[in-house]
Structures are given as C-alpha cells and as structure tokens.
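The values are calculated or read from the model by the stated rules, or taken from the named source; none is laboratory data. Keep in mind it's a predicted model, so treat the numbers as computed, not measured. Cβ: placed from backbone, ideal geometry, glycine included. Neighbour counts: every protein chain shown. All accessible areas refer to the heavy atoms of the entire protein, side chains included, with ligands and DNA or RNA removed. Shrake-Rupley method; radii C 1.70, N 1.55, O 1.52, S 1.80 Å.
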Amino acid sequence: MRTPFIAANWKMHKTVVEATTYAGIFRERMARVRDAEVVLAPPFTALHAVAATLEGSRVGVAGQNLHAEPQGAFTGEVSAGMLREAGAAYVIIGHSERRQLFGETDETVNAKLQAALGAGLAPIVCVGETLAERESGRMFQVLNRQIEAGLVSVEAERAGSIVVAYEPVWAIGTGRNATPPQAQEAHAHIRQRVARALGGDIAAGCRVIYGGSVKPGNAGALAAQADVDGALVGGAGLDPGSFAEVVAQSAAPAV
Ligand code: 13P
C-alpha cells in the first residue's frame, strides 16, 4: 500500500508573512491527518520560516528547485545542503516551467536528482508532455525519454524516496485537468518505465502523483485511480482551506 503524497507548489507566490500565516492555519487543519504525506513548497525566501512554523507537525517542506553543485560561484542558485539545513526534506525537480522557461533538460534533472539524493532530500521529479506532443502521438515517447534520462545512474538503495509527478503541460494552470482515465493511462505507463529504470520493487512502492488543474472538485476522482498516488497542486494549493480539501479527498479513506 502506497501512502498518498500530496504537495502544494506555491511557485512564485507568497511573502514570508503570507506564507507563515498560511502554514499556521494549515498545520491545524492537518492535525488529524495520519496516513498521508503532505508537503508545502514555498519560494526559497519563505522556506525556513514555513519549516519553523510547521515544526512538530506532520506537514513537510520542499524546495521548488536546486542547483546540482554543493556550493560555488553560481549567483542566484541554492544547493541541496542549503535546502536541507533550511528545513526542507523534499525538493521539486524538473517542473515543466523550469524546463520551458529556464532551459532545464533531462540531463540537468538527473544531475539535480543525484545532488538531492546525496543530501538526503526526497526528490519530486516532474515529467509530462505538451499538448502538441500528445496530439501528435508522442506522449509515451516523451515520458520514456524523461524517465530514462532523468533517472539514469540512480543507486537502487537511494531510489526509494523518489516521487514522480506526472504533470501534462496542457493541464497546468489551464483549468483543464487530465481526465481520471487519461491520468491512469499515463501513470501506469510511468510506473512501468520506472520499473525498467530502477527495478520492480522500487516502481511498486514509488508514489506517482498527478499535477495539472487539481482542485477540490476533481481530486477524489483522480486519486481513486489505481496508479494515482496523490497530487501536486498549484493554484488550489495557494489557499489553506482548498488545499486541505484536496488533501482530504486525495487521502479519502485515511483522513
Ligand atoms: P495548477 O494546479 O495551477 O494547474 O499547477 C500545477 C502545477 O504546476 C503544480 O506543480
């Protein structure tokens, strides 16, 4: 049985004051949640303050990105060790916005993945096709490439913490979520490819979560699919009430 994993990616939203206010409200809402792993991914500036606000709760904190090197002359960048010390236990890697707007590739994803695992951060690796790729029948090919190249050379002993997020680019911020059968089809495929890359045991335990216009109205139906193990939430994760509702629906039997 895979523990549901639900994360809110705040992207470039929330000041320190806004972020800690949210975290204070949200930790109360999560007080009774047991069998779900719940994570907030604030911007770097608010990460330490959010982690401090959540201390002693069951809600974890993720960075939204990292640099693959441990330190050095990389102006504007943040390392895995820095995230870890600031209070993060997780980090999002290869979000489609990073790939599309900041030139990230499967190779940089893999380098960041190795750095995260080396520092003891659980990586949330994002994959997903664009609308053009889906409509031209290249969805599986794109997912295969992203998984194979992204997860190459990962040591099996370390791979158990990897979460894979399926985020079809056409569903992000558009209000048009993948239907539950579309999500299931992609997730089952991803799990097969994770098995090829990391072995069957890792794949069977790997949380494959869905992202793209998840909201309280659709989270339950998506989470009911056999290979959908939770959600990576953008817009609906910006309000503690709506994110708590998504958590409740994604972990329905356990909350
Ligand atoms: P939305 O939920 O706003 O579509 O964003 C999804 C996302 O990109 C989460 O990482």
- Query: Tally time: how many residues in the range 192-226 are open to solvent by 30 Å² or more (accessible area, probe 1.4 Å) and over 25 Å from Tyr22 (Cβ atoms)?
  - Reply: 14
- Go through the range 197-255 and give me each residue that's at pLDDT below 95 and of a type in the set (A, V, I, L, M). Ala251, Ala252, Ala254, Val255
- Task: Answer yes if at least one residue in the range 155-170 is within 16 Å of the ligand (Cβ to nearest atom), touching a residue at least 12 places away in the same chain (Cβ under 8 Å) and surrounded by fewer than 23 Cβ atoms within 10 Å (Cβ to Cβ), and no otherwise.
- Result: yes
- Task: Please verify whether the range 178-191 includes one or more residues that are buried (at least 22 other Cβ atoms within 10 Å of the Cβ), more than 25 Å from Glu18 (Cβ to Cβ) and touching a His at 6+ places or on another chain (Cβ under 6 Å).
- Result: no
- What about Val127, is it of a type in the set (Val, Ile, Thr), crowded, with 18+ Cβ neighbours inside 10 Å and free of Cβ contacts under 8 Å to residues at least 60 places away in the same chain? no
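The rows are residues; the columns are (1) open to solvent by less than 20 Å² (accessible area, probe 1.4 Å); (2) charged (D, E, K, R); (3) in a loop (DSSP other than H, G, I, E, B).
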| residue | (1), (2), (3) |
| --- | --- |
| Ala52 | no, no, no |
| Gly60 | yes, no, no |
| Asn65 | yes, no, yes |
| Pro70 | no, no, yes |
| Thr75 | no, no, yes |
| Gly81 | no, no, no |
| Arg84 | no, yes, no |
| Val91 | yes, no, no |
- Query: Is the range 26-38 home to any residue that is more than 22 Å from Leu83 (Cβ to Cβ) and outside any loop (DSSP other than H, G, I, E, B)?
  - Reply: yes
- Note on the structure: Residue hits (the range 1-29; modelled with pLDDT of 95 or more and under 22 Å from Ala165 (Cα atoms)) are Arg2, Thr3, Pro4, Phe5, Ile6, Ala7, Ala8, Asn9, Trp10, Lys11, Met12, His13
- Query: Filter the range 93-110 for residues that are over 13 Å from the mean Cα position of the chain (by Cα) and assigned to a loop (DSSP other than H, G, I, E, B); which is nearest to the ligand (Cβ to nearest atom)?
  - Reply: Glu104
- Note on the structure: Filter the range 123-144 for residues that are away from the ligand (no atom under 16 Å from the Cβ) and under 19 Å from the mean Cα position of the chain (by Cα); the one that is farthest from Val164 (Cα to Cα) is Val142
